[in-house]
Amino acid sequence: MEKLKVTNLKKSYGDLEVLKSIDLQVKEREVVCLIGPSGSGKSTLLRCLNMLEEVTGGEVIVNDVKLTDKSTNINKVRENIGMVFQHFNLFPNLNILDNITLAPVELKKATKEQAQETALKLLDRVGLKDKAKVNPSKLSGGQKQRVAIARALAMNPDIMLFDEPTSALDPEMVGEVLAVIKQLAQEGMTMVIVTHEMGFAKEVADRVIFMDNGYIVEQGSPQEIFGNPQNERTKDFLNKVL
Ligand code: ADP
Ligand code: MG
């Protein structure tokens, strides 16, 4: 079953055409890694998938609901799409537990007690149960990102979007965050992950998509894309980063 279907998606900022005609389908339980040079439109595409950006044209369908329809309640759909950003975006004035329980309680997905119980389980899962009561400023980058993942999971999403979740981290913290994402992949979470970690993409992706200049240039299995890329731009990019 398709969880996500994007057809002829276009996005411009003024005269700047950032996404030119994107077609993308993601199946349930599929893990898709998006790679490509800086400025190619990866973040914009990800943000269009949950309408954090208003699209210029085309369609985005999530779980058979057309997000690009004016009548669709975007907030309702968004509750099922977890997003994790490069810079964590934790609420600095709330402790870790409150960071995680805020949305489920506000959006009436759970009572405060239920939300806290779930949050503690999620914190345990990302190895941070002892940090429930501390402030985000007391955590390392890797710990903050694991909290951000737990916070996204607290809404019980069925799709997770990651935008370069490790690129703001010191190298020694990359592994602990990738391990959490890898575990989610093994548990069958549907995910779209923008990443510069080619080794990780090779290991975790069912499909790798190479974007350049607002287009999907090439896609295939990790073996195909990393082992036998067909397009010159893909080859050129991989030569630079591998
Ligand atoms: P990537 O994530 O692949 O590095 P982005 O999607 O962030 O690429 O950006 C693609 C292009 O869109 C870049 O040229 C960037 O400067 C431009 N862009 C992104 N966001 C905005 C915005 N809010 N306003 C204007 N231009 C933007
Ligand atoms: Mg980006």
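Which count do you get for residues in region 195-207 that are farther than 11 Å from Glu30 by Cα and either touching a helix residue (DSSP H, G or I) at 6+ places or on another chain (Cβ under 8 Å) or touching a residue at least 12 places away in the same chain (Cβ under 8 Å) (or both)? Please lay out each step first, then the result.
First pass over region 195-207, keeping only residues farther than 11 Å from Glu30 by Cα: 195-203.
Okay, now just the ones that are also either touching a helix residue (DSSP H, G or I) at 6+ places or on another chain (Cβ under 8 Å) or touching a residue at least 12 places away in the same chain (Cβ under 8 Å) (or both), so 195-198, 200-203.
Residues meeting the conditions: 8.
For region 52-78, enumerate the residues that are in contact with a Leu (Cβ under 7 Å, 6 or more places away or on another chain) and modelled with pLDDT under 95.
Listed by number, the residues that qualify are Ile74, Val77.
Scan region 73-107 residue by residue and report those that are of a type in the set (A, V, I, L, M) and within 16 Å of ligand 2 (Cβ to nearest atom).
Met83, Val84
I'm trying to understand the selection: among the residues of region 72-91, which are more than 15 Å from Gln145 (Cβ to Cβ) and either in contact with a Pro (Cβ under 6 Å, 6 or more places away or on another chain) or not hydrophobic (A, V, I, L, M, F, W, C) (or both)?
Thr72, Asn73, Asn75, Lys76, Arg78, Glu79, Asn80, Ile81
Tell me, please, whether a residue that is within 14 Å of ligand 1 (Cβ to nearest atom) and in contact with a strand residue (DSSP E or B) (Cβ under 7 Å, 6 or more places away or on another chain) can be found in region 86-100. Break it down into steps so the answer makes sense when it comes.
Taking region 86-100 as the starting set, the residues that turn out to be within 14 Å of ligand 1 (Cβ to nearest atom) are 86-87.
Right, trim to in contact with a strand residue (DSSP E or B) (Cβ under 7 Å, 6 or more places away or on another chain) and you get 86.
For region 86-100, residues within 14 Å of ligand 1 (Cβ to nearest atom) and in contact with a strand residue (DSSP E or B) (Cβ under 7 Å, 6 or more places away or on another chain): present.
Every residue, every condition in (1) surrounded by 17 or more Cβ atoms within 10 Å (Cβ to Cβ); (2) among the aliphatic types (A, V, I, L, M), yes or no:
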{"site": "Ser43", "(1), (2)": "yes, no"}
{"site": "Ile61", "(1), (2)": "yes, yes"}
{"site": "Asn75", "(1), (2)": "no, no"}
{"site": "Asn80", "(1), (2)": "no, no"}
{"site": "Val84", "(1), (2)": "yes, yes"}
{"site": "His87", "(1), (2)": "no, no"}
{"site": "Leu90", "(1), (2)": "yes, yes"}
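Being assigned to a helix (DSSP H, G or I), in contact (Cβ under 8 Å) with a residue 60 or more places away in the chain and surrounded by 17 or more Cβ atoms within 10 Å (Cβ to Cβ): is that true of Ile100 here?
Here the answer is no, as Ile100 does not meet what is asked.
Looking at region 172-194 only, could you name the residues that are more than 21 Å from Lys3 (Cα to Cα), within 14 Å of the chain's Cα centre (by Cα) and in contact (Cβ under 8 Å) with a residue 40 or more places away in the chain?
Val180
Name the pairs whose Cβ atoms lie under 9 Å apart, with the first residue in region 220-231 and under 10 Å from Asp206 (Cα atoms), the second in a loop (DSSP other than H, G, I, E, B), and 6 or more positions between them or separate chains?
Once the first residue is under 10 Å from Asp206 (Cα atoms) and sits in region 220-231, its partners that are in a loop (DSSP other than H, G, I, E, B) give Gly220/Asn228; Gly220/Pro229; Gly220/Gln230; Ser221/Ala205; Ser221/Asp206; Pro222/Ala205; Pro222/Asp206.
The values are calculated or read from the model by the stated rules, or taken from the named source; none is laboratory data. Keep in mind it's a predicted model, so treat the numbers as computed, not measured. Cβ coordinates were reconstructed from backbone atoms using ideal geometry, including for glycine residues, and neighbour counts include every protein chain displayed.
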